[in-house]
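Enquirer: Below is one structure. I have some questions about it.
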Amino acid sequence: MRHLVLFVRAPQLGRGKRRLAREIGDVATVRFERLMIALLLRRLARDRRWRLRIAVTPDKARRHTRRWHRDIPAVGQGSGDLGVRMRRALTACPPGPVVLVGGDVPALGPRHIAAAFRLLGRHDLVFGPAEDGGFWLVGARRARRVPRLFDEVRWSGPYALADTLAGLPRRLKVGFAERLADVDDGDAYRWLAPRRGF
């Protein structure tokens with residue numbers, strides 16, 4: 001069975017996407033985060049090609065079922081930096097290929113997820129490069145255990161994908177999904193907002 005993890009921070013005023021909040025304000029940032037989670041759940045939850053689960057931080061937010069779709073399991077991300085939490089979310093899924101996506105990619109839809117799972121048929125890992133040098137998707141075939149990932153990565157900057165790739169064992173075959181824009185700062189928000197109706 002294929003597994004899809006929506007990896008999000010529960011929208012809370014004054015927490016979460018701090019770079020974005022500094023530029024557009026806390027209220028607009030929380031509104032954007034809520035809208036994106038609802039949009040992605042609507043787009044991705046009903047597809048029978050995978051099982052969706054939500055990995056949320058802080059952990060106690062997993063109990064807020066009115067925020068999440070009732071039929072979708074919500075699990076806590078646990079402690080650690082972003083890489084530790086993403087790897088934990090990947091390995092916590094039952095056996096089978098797994099794809100993890102962030103909650104800040106307005107163009108993301110079922111076709112992108114299906115394409116990533118197809119890539120995992122020929123690759124050990126797959127990444128979805130983001131316009132800003134990071135990545136919006138990571139997937140693992142998981143024929144064996146998930147390899148060490150995300151050691152010595154400079155997060156929230158233009159080097160996140162390059163650092164991740166540099167730290168991977170050379171024996172792994174890596175595929176790349178379509179390049180998409182995520183929303184981490186005011187410039188990305190202002191560029192995407194009129195196009196996506198935020």
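Enquirer: Spin-label point model (7 Å from Cα, Cβ direction): what's the Ala114 to Trp155 distance in nm?
Expert: It works out to 3.3 nm between the two label points.
Enquirer: Also, quick follow-up: Among 167-179, 40-52, how do they line up by average Cβ neighbours within 10 Å per residue, starting with the highest? It would help to have the intermediate numbers written out before the result.
Expert: Working: 167-179: 13.2, 40-52: 15.4.
In descending order of packing, they fall as 40-52, 167-179.
Enquirer: Assuming 0.36 nm per residue, please report the length gained on full extension of the stretch Trp191 to Arg48 beyond their Cα-Cα distance.
Expert: Taking Trp191 through Arg48 to full extension adds about 48.2 nm, to one decimal.
Enquirer: Set Lys and Arg Cβ to +1 and Asp and Glu Cβ to -1, take the dipole of the chain about its Cα centre, and tell me which of Pro94, Phe127, Thr164 lies farthest positive.
Expert: The one lying farthest along the dipole's positive direction is Pro94.
Enquirer: Amide H of Gly128 versus every other amide H placed in the peptide plane: which residues, excluding those fewer than 5 positions away on the same chain, fall under 5 Å?
Expert: So Gly128 has HN proximity to Trp136, Leu137, Val138, Ala177.
Enquirer: Pairs of alpha-carbon atoms within less than 8 angstrom and 6+ residues apart define the contacts here; what relative contact order does the chain have, in percent? Show your work: numbers first, answer last.
Expert: Details: 360 pairs, mean separation 46.1, N = 198.
Result for the chain is 23 percent.
Enquirer: Okay, next question. Pick from Val56, Val105, Val84: which residue has the top mean-square fluctuation in a GNM of the chain where Cα pairs under 10 Å get a spring?
Expert: Result: Val84 has the largest fluctuation of those listed.
Enquirer: Using a 1.4 Å probe, what is the accessible area per residue for segment 1-102, in Å²? Please report the intermediate quantities before stating the final value.
Expert: Numbers: 5460 Å² over 102 residues.
Each residue of segment 1-102 exposes 53 Å² on average to a 1.4 Å probe.
Enquirer: For Arg85, what is the net charge nearby, where nearby means another residue's Cβ is under 12 Å from its Cβ and Lys, Arg count +1, Asp, Glu -1? Mind dumping the intermediate values first?
Expert: Details: positive: Arg9, Arg87, Arg88; negative: Asp59, Asp81.
Once all neighbours under 12 Å are counted, the net charge is +1.
Enquirer: Assuming 0.36 nm per residue, please report the length gained on full extension of the stretch Glu23 to Ala38 beyond their Cα-Cα distance. Walk me through the numbers on the way to the answer.
Expert: Values: separation 15, 0.36 × 15 = 5.40 nm, distance 2.28 nm.
Here the segment from Glu23 to Ala38 would lengthen by 3.1 nm.
Enquirer: Right, something else. With only Lys, Arg, Asp and Glu charged, each at its Cβ (+1 for the first two, -1 for the last two), find how big the charge dipole of the chain is about the Cα centre; round to the nearest 20 debye. Spell out each step's value before the answer.
Expert: On the way: 41 positive and 19 negative charges, 213 e Å.
Value, rounded to 20: 1020 debye.
Enquirer: Which value in nm describes the separation of the simple spin-label points at Leu82 and Met1, placed 7 Å from the Cα toward the beta carbon?
Expert: Reported label-point gap for Leu82 and Met1 is 3.0 nm.
Enquirer: A follow-up question, please. Just the Cα atoms of segment 94-136: what Rg and Dmax do they give in Å?
Expert: Here Rg and the maximum Cα pair distance are 10.9, 32 Å.
Enquirer: Separate question: Determine the share of segment 22-166's accessible area contributed by carbon and sulfur atoms, expressed in whole percent, with a 1.4 angstrom probe. The partial results should precede the final answer.
Expert: Working: 3630 of 7320 Å².
Here it works out to 50 percent.
The values are calculated or read from the model by the stated rules, or taken from the named source; none is laboratory data. Bear in mind that the values here come from a model prediction, so they are computed numbers and not experimental data. Don't worry about glycine lacking a Cβ; one is built from the backbone with ideal geometry, like all the others, and counts go over all protein chains shown. The protein model used for the area step is the full one, side chains on, heavy atoms only, and it has no ligands, DNA or RNA in it. Shrake-Rupley method; radii C 1.70, N 1.55, O 1.52, S 1.80 Å.
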